[in-house]
């Protein structure tokens, strides 16, 4: 067994040197913009411009999706190359999936799985080369986790779908180029068989986007008012939306894996070393040490779960419940760590610090504990899927949907 | 990165799996635990024949010279039994301690019989239950003209009843912790099983036991630091054993949710019941991957002290909490001492504190990561 993510086989030894030098060159002058391990919800133009620029440069080399065919904007490289890119970027707190605020990490593999050749040729390159930003817009005001109960209608009218409805709590503070969404094509049809998946240009007439100021940051409501979407934007065929959704959600719900490390603990330790009570740094306090121990173990566990899923995905060894397990664990961990931060540093854990990236801002970590319990489906749906994959109370176990 | 077992490891796993099926079937195992007959000499004999005693030792000493991961794969399967007896205590911990602490002459004399099963060496380290560490060593060695006299009481000695000799920690007259071997038949030794919610543990009393100077490990009895080195290699094997045990609890509990029908449907259809299984699975996989990663660190020659403590803490926590969640699913039937759940339950509680509680190991992990001033 080998957990080393930088044990390069001979064919990537030179590649690592090339990438290391290239990344160092890009980072020069931007060292303070470390960390992109998570979705950012802050208005920070400097950070946004830097990361978007970096993504475009990575995309131009085919490095954002190194495994993809060149014709779709990839570089036709191996998983070993991909791990070189991930680990070199991670030296600066960055990673491929989250270089900038787009859902490309999910949308692109779903297009590979479900798009027609024409669609792949047209839609993929702008996504894989970071020219456009895609939002997933799935949650509806009344549906919540039950996204198959989709009320946004898309009725076929000649070469178009006419879309009417509303999605909520989606996106972030900067506008999208495309909306990646599930719609109902047949309101009278059978559940799961009356849905379609659309890749909608965000500039079509009839689309209105309104900010929502939420606990976890800025999200949006998207209104569709008689939006005429050309039929070429239908992904996966007529009434096949639920299958596309299953691939999408497996990737969203922990099935994509990651080989990065959560940076939070590093900053907590730094805080505890530099904060003195009665002349002694609080890292010497046994109570604080016990709390950091729990945080360390749980963050290590999450790192291992992520790495395991990453390996399974690319070694083509699918696992039935790795995804929901990771997701449930990750969200409960964030919640517990939020409380631990307060227990360690009191009100310092509640004060926003705009001088650091939000993934290492204590206030963000505390606030998004309860704030990120439900995005993309509640904790309870995680456990529901988990139970089905385990086959609890059922004669058969449900398989994980295909992701690649 | 490759998180799969090797072909050899898959074979080792299969051998151990077949062993558990043939030698430790659930009904038999349950009776042993119920009747507190967890020392089964025939199991030790067969394990020795396969080469599982001292299996990480070099062949020159009678071992099988396998890697830590190869060994862990076997112990994970043994944990599924859970196979009782001194396979870990004598075959791993004592074997590693003798290997680390002893002179070449002592190794050659002590290790081959340990590997063949002719001698069973049981660690008897702490005198106090409430703590694990050199501070809990109170048994005294007093110098005499020809050697030493040993006085003290070791409590909660795991597998004590299998011992042909004890690997004891004791305090010298200078107050130093030293290690020595004491024949279990020496006059003055009394072994009394502890009675309570645990298994395979006994009090071992040393009352004016005469010990020769040659019984000290190494030239001067080694030190606690030597034990720590032996534990680095041994604790992950114990963690793997607990991972296997938790896997067994998980599998049998998931199966029960399909078979058990109440309120007109299999209990696995109830979301509250499902939640308990989810919690077992998380405890299980936390322990499994912490253990594997630790072993990889050890085998790669990376610093592993913090990881060893983390894995022991997480594996003991995992087995303990996993078993408690399983009790929520099994309810009444799982509380019968004639049910495999009870064997797991008493063992999980025993191993929780064996060689240090999870809380203690978490503190040691922190000390390894962020040393105190």
* Would you pick out the residues in the range B:3-12 that are away from chain A (no Cβ under 13 Å) and under 21 Å from the mean Cα position of the chain (by Cα)? -> B:12
* Structure fact -> Taking the range A:233-277 and keeping residues in contact with a strand residue (DSSP E or B) (Cβ under 8 Å, 6 or more places away or on another chain) and outside any loop (DSSP other than H, G, I, E, B) leaves A:233, A:234, A:235, A:241, A:242, A:244, A:245, A:248, A:252, A:272, A:273, A:274
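Kindly establish whether residue A:339 is more than 19 Å from residue A:2 (Cα to Cα), in a helix (DSSP H, G or I) and within 10 Å of chain B (Cβ to nearest Cβ). Give the derivation first.
Working: more than 19 Å from residue A:2 (Cα to Cα): yes; in a helix (DSSP H, G or I): yes; within 10 Å of chain B (Cβ to nearest Cβ): no.
Criteria not met by residue A:339.
Please tell me if residue B:317 is at negative phi and touching a residue at least 12 places away in the same chain (Cβ under 8 Å). Before you say what the answer is, go through the steps one by one.
Numbers: at negative phi: yes; touching a residue at least 12 places away in the same chain (Cβ under 8 Å): yes.
It is true that residue B:317 is at negative phi and touching a residue at least 12 places away in the same chain (Cβ under 8 Å).
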* Structure fact -> Picking from B:268, B:264, the residue that is under 19 Å from residue B:334 (Cα atoms) and out of contact with any strand residue (DSSP E or B) (no Cβ under 9 Å at 6 or more places or on another chain) would be B:268
* Conditions: (1) more than 10 Å from chain B (Cβ to nearest Cβ); (2) surrounded by 16 or more Cβ atoms within 10 Å (Cβ to Cβ); (3) touching a helix residue (DSSP H, G or I) at 6+ places or on another chain (Cβ under 8 Å). Residue A:233 meets all but one. Number of the miss? -> (3)
* To do: May I ask you to say which residue of B:222, B:245 is touching a helix residue (DSSP H, G or I) at 6+ places or on another chain (Cβ under 8 Å), crowded, with 23+ Cβ neighbours inside 10 Å and in a loop (DSSP other than H, G, I, E, B)?
  => B:222
* The listed residue being in contact with a helix residue (DSSP H, G or I) (Cβ under 9 Å, 6 or more places away or on another chain), more than 21 Å from residue A:42 (Cα to Cα) and not in a strand (DSSP E or B), out of A:130, A:148, A:196 -> A:148
* Which listed residue, of A:238, A:266, is surrounded by fewer than 17 Cβ atoms within 10 Å (Cβ to Cβ) and under 28 Å from residue A:85 (Cβ atoms) -> A:266
* Structure fact -> Checked the range A:385-404 for anything surrounded by 22 or more Cβ atoms within 10 Å (Cβ to Cβ), part of a helix (DSSP H, G or I) and without any contact (Cβ under 8 Å) to a residue 60 or more places away in the chain; matches are A:387
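How many residues does the range B:100-121 contain that are without any contact (Cβ under 8 Å) to a residue 60 or more places away in the chain and either surrounded by 14 or more Cβ atoms within 10 Å (Cβ to Cβ) or assigned to a helix (DSSP H, G or I) (or both)?
Step one: list which residues in the range B:100-121 are without any contact (Cβ under 8 Å) to a residue 60 or more places away in the chain, which gives B:104-105, B:107-109, B:111-113, B:118-119.
Restricting the remaining residues to those that are either surrounded by 14 or more Cβ atoms within 10 Å (Cβ to Cβ) or assigned to a helix (DSSP H, G or I) (or both) gives B:104-105, B:107-109, B:111-113, B:119.
The qualifying residues number 9.
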* Mind counting the residues in the range B:255-289 that are more than 7 Å from chain A (Cβ to nearest Cβ), closer than 21 Å to residue B:79 by Cα and crowded, with 18+ Cβ neighbours inside 10 Å? => 7
* Asked: So which residues in the range A:25-56 are modelled with pLDDT of 90 or more and surrounded by 18 or more Cβ atoms within 10 Å (Cβ to Cβ), if there are any at all?
  -> A:27, A:54, A:55
* **Count of residues meeting criterion [assigned to a helix (DSSP H, G or I), more than 18 Å from residue A:365 (Cα to Cα), modelled with pLDDT of 95 or more and more than 8 Å from chain B (Cβ to nearest Cβ)] in the range A:278-336** => 2
* **Top-ranked residue in the range A:360-384 [being in contact (Cβ under 8 Å) with a residue 60 or more places away in the chain and facing chain B (nearest Cβ under 10 Å); ranked as surrounded by the most Cβ atoms within 10 Å (Cβ to Cβ)]** => A:382
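For the range A:130-147, what are the residues that are more than 20 Å from residue A:174 (Cα to Cα) and crowded, with 16+ Cβ neighbours inside 10 Å? Don't jump to the end; show me each part of the working.
Taking the range A:130-147 as the starting set, the residues that turn out to be more than 20 Å from residue A:174 (Cα to Cα) are A:140-147.
Across the range A:130-147, the qualifying residues are A:140, A:143, A:145, A:147.
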* To do: State whether one or more residues within the range B:274-288 are part of a strand (DSSP E or B) and either touching a helix residue (DSSP H, G or I) at 6+ places or on another chain (Cβ under 8 Å) or under 26 Å from residue B:29 (Cβ atoms) (or both).
  => no
* Taking the residues in the range A:1-27 that are within 14 Å of chain B (Cβ to nearest Cβ) and out of contact with any helix residue (DSSP H, G or I) (no Cβ under 7 Å at 6 or more places or on another chain) as candidates, determine which candidate is farthest from residue A:312 (Cα to Cα). => A:7
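The values are calculated or read from the model by the stated rules, or taken from the named source; none is laboratory data. The structure presented is a predicted model; accordingly, all values stated were derived computationally and were not measured. FYI the Cβ positions are ideal-geometry reconstructions off the backbone, even for glycines, and counts take in every protein chain you see.
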